Amino acid sequence: MKIATYNVNSVNARLPVLLRWLQESAPDVVCLQELKAIQENFPEEAIRNAGYTAIWHGQKSWNGVAILSRVGNITERCRVLPGDPEDLHSRYIEAVVNGVIIGCLYLPNGNPAPGPKFDYKLSWLKRFAIHAKALLTEELPVVLTGDFNIIPTGKDVYKPERWVDDALFRPESRAAFQELIAQGWTDAIRQLHPEETIYTYWDFFRNAFGRDAGLRIDHFLLSPQLVPQLQKAAVDKQVRGWEKTSDHAPVWIELKD
DNA sequence: ATGTCATAAGATTTATGA
């Protein structure tokens with residue numbers, strides 16, 4: 001099973017790019033983030049015509065997450081991150097597909113840091129850690145994937161010294177990611193490519209893609225039950241070079257059936 | 001500080017987020 005994550009940065013503005021990528025990369029399951037569309041404006045018909053069923057949680061202007069599948073029913077488990085009924089952002093959706101629990105997340109950016117947005121990021125991370133730990137106790141195959149908005153280590157950014165005060169690379173954000181690893185989750189990309197320079201995001205500013213000034217912030221965390229099945233992991237970097245593209249590239253893993 | 005995109009309100013631009 002090929003599972004992908006893609007922060008589309010507006011699902012409707014990116015629809016031609018999304019459809020072309022679905023056709024060329026043919027993932028079985030897709031997690032999308034930053035739909036930037038209200039619930040009614042999700043392009044369900046175009047995605048169905050591409051061969052995928054979908055569940056999604058939209059929101060006006062910002063955020064929004066979706067799970068697509070072409071390999072079987074999507075059985076929704078929840079569409080918000082548990083733990084704070086006052087958090088109205090559409091940033092998490094979870095479902096079972098083909099016997100695998102798929103958590104699709106769009107973690108808060110958190111800039112500027114420090115400040116209320118960074119506080120929100122850290123509180124979201126605390127809730128996420130509680131939920132992730134509960135998932136591990138189920139001892140089931142689980143993938144937590146999406147835009148984490150965290151640069152895990154200095155190897156995951158073109159110039160780490162420029163990012164030390166940024167919410168994506170602050171010690172608190174890195175520590176929260178390491179805490180997830182310490183719980184028992186496996187960073188799938190690094191499991192298969194421990195030394196390689198791998199980026200998943202390039203800023204729209206200053207020709208960042210042309211200079212390969214990127215960040216690795218889109219991740220796959222696997223529960224122990226899935227690690228033996230991990231076969232491949234890669235970034236569809238070419239998509240970042242297409243016209244009218246997102247600032248993120250799609251990332252995917254392949255699991256043995 | 002800058003740069004680029006996207007959205008929304010309501011305007012022929014501005015603000016906000018990323």
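The values are calculated or read from the model by the stated rules, or taken from the named source; none is laboratory data. Computed from a prediction, not measured in an experiment: that's the story for all the values here. Backbone-built Cβ (ideal geometry, glycine too); neighbour counts: all protein chains shown. All accessible areas refer to the heavy atoms of the entire protein, side chains included, with ligands and DNA or RNA removed. Shrake-Rupley method; radii C 1.70, N 1.55, O 1.52, S 1.80 Å.
Tell me, which residue of segment A:18-32 that is more than 16 Å from the chain's Cα centre (by Cα) and open to solvent by 10 Å² or more (accessible area, probe 1.4 Å) is farthest from DNA strand B (Cβ to nearest atom)? Please lay out each step first, then the result.
First, the residues of segment A:18-32 that are more than 16 Å from the chain's Cα centre (by Cα): A:19-26.
Of the ones still in play, those that are also open to solvent by 10 Å² or more (accessible area, probe 1.4 Å) are A:19-20, A:23-26.
Details: A:19: 15, A:20: 15, A:23: 20, A:24: 20, A:25: 20, A:26: 24 Å.
This residue is A:26.
Assuming residue A:137 fulfils every condition listed in (1) under 17 Å from the mean Cα position of the chain (by Cα); (2) surrounded by fewer than 17 Cβ atoms within 10 Å (Cβ to Cβ); (3) hydroxyl-bearing (Ser, Thr, Tyr) apart from one, which condition is it?
Unmet for residue A:137, out of (1) under 17 Å from the mean Cα position of the chain (by Cα); (2) surrounded by fewer than 17 Cβ atoms within 10 Å (Cβ to Cβ); (3) hydroxyl-bearing (Ser, Thr, Tyr): (1).
Of the conditions (1) surrounded by fewer than 17 Cβ atoms within 10 Å (Cβ to Cβ); (2) at pLDDT 95 or above; (3) within 20 Å of residue A:145 (Cα to Cα), residue A:72 fails just one. Which one is it?
(2)
Since residue A:196 meets every condition but one in (1) touching a residue at least 24 places away in the same chain (Cβ under 8 Å); (2) over 18 Å from residue A:149 (Cα atoms), which condition does it not meet?
(1)
Run residue A:113 past the list (1) loosely packed, with under 14 Cβ neighbours inside 10 Å; (2) within 16 Å of DNA strand B (Cβ to nearest atom); (3) not in a helix (DSSP H, G or I) and report the number of the one that doesn't hold.
Residue A:113 satisfies every listed condition except (1).
A quick yes/no check of all residues on (1) over 24 Å from residue A:228 (Cβ atoms); (2) more than 17 Å from the chain's Cα centre (by Cα):
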| site | (1), (2) |
| --- | --- |
| A:171 | yes, yes |
| A:186 | no, no |
| A:196 | no, yes |
| A:201 | yes, no |
| A:204 | yes, yes |
